[in-house]
Amino acid sequence: MPARIAHLSLLVPDYDAALDFFCRIGFECREDTELGDGKRWVRIAPPGGDTEILLARAVGDRQTASIGEQGGGRVWLFLETDDFARDYQRLQAAGVTFETLPRDEPYGRVVVWRDPWGNRWDLIEHARSVAIGTGN
């Protein structure tokens, strides 16, 4: 059985704009390799994170129409933090659009936000009692 999810692709309209945004909110660029014909292999992740996002520049009408819609309108990306207040303030300072106010749930403290392309994310600090399996 495979051991982990190494990458997931996130469709974006432009590599550089996506890199700028994600680095501004605290992600690191782990690789940016030219592949020719305008294509690049761009991997980003939160510092110390195991799973990486592969930024994929949309090509063609179908992919372009899917930018921001990969989750079908649902929150589908979950950014885990060990300091909710710090990272909430970082996202605020970066001009992120929040869809909700922060709230406490049985599983932890959470707020829903959108990236510049419309993908819906949770910033979440898990309650320690439910953090089993999250790497904590």
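Observations on the model:
- Estimated [θ] at 222 nm from DSSP helical runs (n ≥ 4, -39500 (n - 2.57)) normalised by residues in the chain, nearest 500: -5500 deg cm²/dmol
- Counting only alpha carbon atoms, the long axis of helix 84-93 and the longest principal axis of the chain meet at about 40°.
- More than 20 Å apart - percent of Cα-Cα pairs taken over segment 1-111: 50
- Cβ crowding within 10 Å averaged over residues, with 1-13, 41-53 ranked highest first: 41-53, 1-13
- Here segment 19-65 is assigned +1 on the Cβ of each Lys and Arg and -1 on the Cβ of each Asp and Glu. Its dipole about the Cα centre then comes out at about 120 debye.
- Placing R0 at 30 angstrom, the Cβ-Cβ distance between Asp61 and Leu35 gives a FRET efficiency of 0.90 after rounding to 0.05.
- Lys, Arg +1 and Asp, Glu -1 on Cβ, resulting dipole of the chain about Cα centre, debye, nearest 20: 220
- Accessible area of the chain belonging to carbon and sulfur atoms, whole % at 1.4 Å probe: 51
- For segment 47-110, the extents of the C-alpha atoms along the principal axes are 40, 27, 25 Å, listed from largest to smallest.
The values are calculated or read from the model by the stated rules, or taken from the named source; none is laboratory data. Source: prediction; values computed, not measured. Don't worry about glycine lacking a Cβ; one is built from the backbone with ideal geometry, like all the others, and counts go over all protein chains shown. Remember, those area values only see protein heavy atoms, side chains included, never the ligands or the DNA or RNA. Shrake-Rupley method; radii C 1.70, N 1.55, O 1.52, S 1.80 Å.
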